[in-house]
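Trainee: Here you go, one structure.
The values are calculated or read from the model by the stated rules, or taken from the named source; none is laboratory data. In this text the structure is predicted, and so the values were computed from the model without any measurement. Cβ atoms come from the backbone with ideal geometry, glycine included; neighbour counts cover every protein chain shown. Surface accessibility is based on the protein's heavy atoms, side chains included, excluding ligands, DNA and RNA. Shrake-Rupley method; radii C 1.70, N 1.55, O 1.52, S 1.80 Å.
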Amino acid sequence: MNNENIISLFFKRRAPFVFVLLSLGYLTFNMACSPETEWKQIPNPYTITWNTQSKNASESMPLVGGDIGCNVWVENGDLLFYVQRSGSLSENGEYLKLGRFRVQINPNPFAKGNSFQQELKLQDGYIEIESESDELDNTKIKLWTDVFSPVVHVEIESAKKVDVNVAYESWRTEDKELAFGKGRFGAFGLEGYPGKVIRSKDIIAQNDDGILFYHRNPKEKLVPEVYIKLQELEEFANEINDDLEKLTFGGLLSGQGLVFDGIEDGVYQGTPYKSWKLKSESPRNRYQIRIATHIEKAEKIEDWKDGLLKTADLSVQAPEKAFKKAVNWWSDFWNRSYIYIQPDNPDQENPVWQMGRNYQLFRYQLGGNVFGKYPTKFNGGNLTYDAVLVDSAKVHDPDWRQWGGAVFTAQNQRLLYWPMLKSGDFDAILPQFELYRKGLPGAKARVKKHFGHEGAVYCEYTSVPGIAFGDGWGWQNEQNYRIRGEEIPFGDPRANAATGFNDPVEKGVMANGAIAYHWESQIEHSYMILEYHRFTGNDVSEYMPFIEQSLIFFDEHYRTRQKMRNGKELDKDGKLVIYPSTSCESYRGAENPADVLSGLKACLNGLLELDEKYLSEERKKYYREFLSSVPDFDYEEIDGLKVIKPAKSWIRESNQELPQFYPLFPFNQFQLGDEEIPFFKNAYEKADDFRKGKVQSWHQDGIQFARMGMTQEAADYNTKKLQDSPRRFPTFWGPGHDWVPDHNWGGSGMIGLQEMLMQTIGDQLVLFPAWPKAWDVDFKLHAPGNTIVECSLKEGKIVRLDITPESRRKDIITSFL
């Protein structure tokens, strides 16, 4: 009997078996478990060590902390690193780096023939670079970020006295016009804008014995002003959040014993730059170099400078204590959660072992934006590097990335944040929630202006203003999707290109062939917040307006649309008709798409489980009626096999998604043991080949395999998903559909691995629902109700199982007894 068949006996639909089997399991667990929780450190083999220098920035190593990301590498004897912070957004919505830094030591410890070692100390969250040479004996460089203050530290220690040169390098020294089309892909929302798009230059200057650098968004800018005008939302302009207005970001490079040494020109990877240099006054054994940074919506530049100098001054005080505090934070971070696969057999060539190591490495990358004001972007986060090193045809500066800018593609973003529930990173998940909370005024304004009813609607490419981004709405030029507001005759091919429908784009809907009517993501993020509350019990009052308005939209909108068609709000069965719609991006012109239906069911049930603090009984009555009007899923037979459909009907197909599996993940409408699970398996078997089996980027087959209890398939897929990338750093996957490092690649892999180990639908804690018995594993994962599960599996048997609180032990279900 396989795992799924054994586990299915335990589920609530097999109620007569539950009490006896769980009681037997409880006795077995008590006999096997250790009495105390064991605290674990990151296994030493997980530390990344390089014994040769890097060819270029593509072979960089991530250094993260707080909301800062750095790419660190040594090239031709020079230490280089990029620095980027969450929220460093230009007037055009570009996500800009703070700059590139170069450190040179003389005599050079990294000269040819000297030993070299660069190591990411994963447990402590810093990088150490060391060299041994006859001339200098031992030289060490320690790079670390202050988790609690936005400062990057570079500490040099040499057995013999050395001179040091430090440079700030910038390619943004002149105003720059972003070329129409892909030249603006880094400011994605303005890609098809018919006018000029100018990025203003940075200000860089000597400041006493340091280098001051910053970008200040000018008063006259495009975003979100042109979006507001384009969408005729001027009357709501004062309500819509403008996160780019007066925004200033930059920093101060300084160090004891360093003085200004002039300006030089250079070129790196085809991009010209200017270099502002500092040099040591005299040789020393120790140097402490600091890059203090600051981001603020400042009324005057003097206000921003005051804030920066406060940060810089604090960075000089007791750096040893700050370092220890940062190290302790990382230790606590690692103790929250872990997955160690084959811990007693660290074979670095084995993809199964790599999967466990890379889970930890990628979680480190996500941990670098715990305190960010903006979410980690799915297409590289704060760790992108020169575009030409990703694709030689993309000759752009280091700020450029595909799908770039201040918009966050929701279907990609979600995959970075779902795994944070089971990993217990409840602080890191909040920036994603904040994006939707801040965007609520704009999302409500769109509905009020264009649809004339209650609710909020978010663009799939969402942003703080909460309105549609320009390239999704459609510009009034022939190069883009269509002329907004023009009457398009029925059957006109331009209507098909825009939405996948054989009728015009209705006012208020984006004229975009991929995301018109794609509104599932606001439901999914509402459910993510409700699950966050179910896991933690934390107060979600500030997010309730977002959740309620996001759901009310579907009730109001589709009642109104159905009444416009036939005079009645509901169909003959008293159900909503969710049309026009789309099932993800793949099934266009859909009626009753499975992703939307499952999301509505999940959210409405979630709301009804909240206590009176959040919803009155009167409000719950409305949501019960709303829930009763949500249609059921649709099924059909293909070659004699019953399958769940992606929607009741649709007009055309595009993209490669499988939205018919959203009722499994993310929306938890079915679980192992349910009679519908075979219908999902059949649906996967009969799905088009081009939609399944792909490992790259956002593809999530591995998650669904685990949810269907398909152990071998889940193991094979997730091993491929999380095995080493072809790049030097193991978790710099991509570009796939997106960019490098591909964060939604890593996030979907994390979810797949978690779901193989533990599934938490309802009150049940199902362990090893899709886990090969031959894989030894230690894990610590979080579950609803402030529950922590720590477990060790060895040779197919649970040898340790600690549950906090102990009262949750009764909810454990597993076949691995």
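Trainee: Can you name every one of the strands (runs of 3 or more DSSP E) wholly within segment 1-111 that holds 2 or more residues which are modelled with pLDDT of 50 or more and closer than 30 Å to Glu281 by Cα?
Mentor: Once the strands (runs of 3 or more DSSP E) in segment 1-111 are filtered for at least 2 residues that are modelled with pLDDT of 50 or more and closer than 30 Å to Glu281 by Cα, what remains is 68-75, 78-85, 99-106.
Trainee: Those residues that are surrounded by fewer than 23 Cβ atoms within 10 Å (Cβ to Cβ), small (Gly, Ala, Ser) and modelled with pLDDT under 95, I need them from segment 499-542; list them, please.
Mentor: Of everything in segment 499-542, those that are surrounded by fewer than 23 Cβ atoms within 10 Å (Cβ to Cβ), small (Gly, Ala, Ser) and modelled with pLDDT under 95 turn out to be Gly508, Gly513, Ala514.
Trainee: Can you pull out the residues in segment 575-599 that are farther than 12 Å from Pro646 by Cα, of a type in the set (Val, Ile, Thr) and open to solvent by less than 10 Å² (accessible area, probe 1.4 Å)?
Mentor: Within segment 575-599, just Ile578 meets the criteria.
Trainee: Within segment 663-701, track down each residue that is open to solvent by less than 10 Å² (accessible area, probe 1.4 Å) and of a type in the set (Ser, Thr, Tyr).
Mentor: Across segment 663-701, the qualifying residue is only Ser697.
Trainee: Working carefully through the options Gly785, Gly752, Gly736, find the one that is touching a helix residue (DSSP H, G or I) at 6+ places or on another chain (Cβ under 7 Å) and surrounded by 23 or more Cβ atoms within 10 Å (Cβ to Cβ).
Mentor: After applying the criteria, what remains is Gly752.
Trainee: Follow-up question, since we're still on this one. Select, from Ser792, Ser725, the only residue that is closer than 22 Å to Leu361 by Cα, without any contact (Cβ under 8 Å) to a residue 60 or more places away in the chain, small (Gly, Ala, Ser) and out of contact with any helix residue (DSSP H, G or I) (no Cβ under 9 Å at 6 or more places or on another chain).
Mentor: From the options Ser792, Ser725, the qualifying one is Ser792.
Trainee: Could I ask something else about it? Kindly indicate the residue of segment 132-153 that is among the aliphatic types (A, V, I, L, M) and surrounded by 21 or more Cβ atoms within 10 Å (Cβ to Cβ) and also nearest to Ser331 (Cα to Cα) among those meeting that condition.
Mentor: The residue in question is Val147.
Trainee: Would you check which residues across segment 648-676 are hydrophobic (A, V, I, L, M, F, W, C) and within 29 Å of the chain's Cα centre (by Cα) and list them?
Mentor: Result: Leu658, Phe661, Leu664, Phe665, Phe667, Phe670, Leu672.
Trainee: A further question on this structure: Which of the following residues is hydrophobic (A, V, I, L, M, F, W, C), in contact (Cβ under 8 Å) with a residue 24 or more places away in the chain, surrounded by fewer than 23 Cβ atoms within 10 Å (Cβ to Cβ) and more than 17 Å from Arg336 (Cα to Cα): Trp775, Trp771, Trp745? Quick ask: steps written out before the conclusion?
Mentor: On the way: Trp771 fails: surrounded by fewer than 23 Cβ atoms within 10 Å (Cβ to Cβ); Trp745 fails: surrounded by fewer than 23 Cβ atoms within 10 Å (Cβ to Cβ).
Sole residue among the options that is hydrophobic (A, V, I, L, M, F, W, C), in contact (Cβ under 8 Å) with a residue 24 or more places away in the chain, surrounded by fewer than 23 Cβ atoms within 10 Å (Cβ to Cβ) and more than 17 Å from Arg336 (Cα to Cα): Trp775.
Trainee: Pick from Ile751, Ile798, Ile803: which is within 30 Å of Val72 (Cα to Cα) and among the β-branched types (Val, Ile, Thr)?
Mentor: Matching residue, one of Ile751, Ile798, Ile803: Ile751.
Trainee: Report whether or not Leu222 is closer than 30 Å to Gly452 by Cα and either among the polar types (S, T, N, Q) or crowded, with 20+ Cβ neighbours inside 10 Å (or both).
Mentor: For Leu222, the condition - closer than 30 Å to Gly452 by Cα and either among the polar types (S, T, N, Q) or crowded, with 20+ Cβ neighbours inside 10 Å (or both) - is met.
Trainee: On to the next question. Could you check segment 170-184 and list, in sequence order, the residues that are in contact with a Phe, Trp or Tyr (Cβ under 8 Å, 6 or more places away or on another chain) and at pLDDT 95 or above?
Mentor: Residues satisfying the conditions are Ser170, Trp171, Thr173.
This table checks each residue for (1) touching a residue at least 24 places away in the same chain (Cβ under 8 Å); (2) out of contact with any helix residue (DSSP H, G or I) (no Cβ under 9 Å at 6 or more places or on another chain); (3) surrounded by fewer than 21 Cβ atoms within 10 Å (Cβ to Cβ); (4) closer than 29 Å to Lys321 by Cβ.
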residue	(1), (2), (3), (4)
Asn92	yes, no, no, no
Tyr95	yes, no, no, no
Asn106	yes, yes, yes, no
Glu130	no, yes, yes, yes
Glu155	yes, no, yes, yes
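Trainee: Considering only residues that are in contact with a helix residue (DSSP H, G or I) (Cβ under 6 Å, 6 or more places away or on another chain) and either open to solvent by 20 Å² or more (accessible area, probe 1.4 Å) or under 16 Å from Ile341 (Cα atoms) (or both), which ones fall in segment 758-768?
Mentor: Answer for segment 758-768, where residues must be in contact with a helix residue (DSSP H, G or I) (Cβ under 6 Å, 6 or more places away or on another chain) and either open to solvent by 20 Å² or more (accessible area, probe 1.4 Å) or under 16 Å from Ile341 (Cα atoms) (or both): Asp763, Gln764.
Trainee: Any residue at all in segment 640-657 that's free of Cβ contacts under 8 Å to residues at least 40 places away in the same chain and surrounded by fewer than 21 Cβ atoms within 10 Å (Cβ to Cβ)?
Mentor: yes
Trainee: Say we look at segment 176-217 and pick out the residues that are outside any strand (DSSP E or B) and farther than 30 Å from Asp738 by Cβ; which of these is least open to solvent (accessible area, probe 1.4 Å)?
Mentor: Asp209
Trainee: When only residues in segment 47-71 that are touching a residue at least 60 places away in the same chain (Cβ under 8 Å) and of a type in the set (D, E, K, R) count, which is surrounded by the most Cβ atoms within 10 Å (Cβ to Cβ)?
Mentor: Applying the filter and picking the extreme gives Asp67.
Trainee: Report yes if some residue within segment 444-452 is at pLDDT 95 or above and outside any helix (DSSP H, G or I); otherwise report no.
Mentor: yes
Trainee: Which of the residues belonging to segment 330-347 are at pLDDT 95 or above and out of contact with any helix residue (DSSP H, G or I) (no Cβ under 9 Å at 6 or more places or on another chain)?
Mentor: Ser331, Asp332, Asn335, Arg336 - these are the residues of segment 330-347 that are at pLDDT 95 or above and out of contact with any helix residue (DSSP H, G or I) (no Cβ under 9 Å at 6 or more places or on another chain).
Trainee: Go through Trp403, Trp418 for me and flag whichever is at positive phi and open to solvent by 10 Å² or more (accessible area, probe 1.4 Å). Working first, answer last.
Mentor: Values: Trp418 fails: at positive phi.
Sole residue among the options that is at positive phi and open to solvent by 10 Å² or more (accessible area, probe 1.4 Å): Trp403.
Trainee: For segment 429-467, which residues satisfy the criterion of being surrounded by fewer than 23 Cβ atoms within 10 Å (Cβ to Cβ) and on the phi > 0 side of the Ramachandran plot?
Mentor: Correct list: Gly452, Gly455.
Trainee: Right, here's the next one. Mind listing just one residue for me: the one in segment 246-261 that is among the small types (Gly, Ala, Ser) and within 18 Å of Tyr214 (Cα to Cα) and, of those, surrounded by the most Cβ atoms within 10 Å (Cβ to Cβ)?
Mentor: Ranking the qualifying residues of segment 246-261, first place goes to Gly251.
Trainee: Are any residues in segment 383-428 in contact (Cβ under 8 Å) with a residue 60 or more places away in the chain, over 19 Å from the mean Cα position of the chain (by Cα) and not in a loop (DSSP other than H, G, I, E, B), and if so, which ones?
Mentor: The answer is Val388, Leu389.
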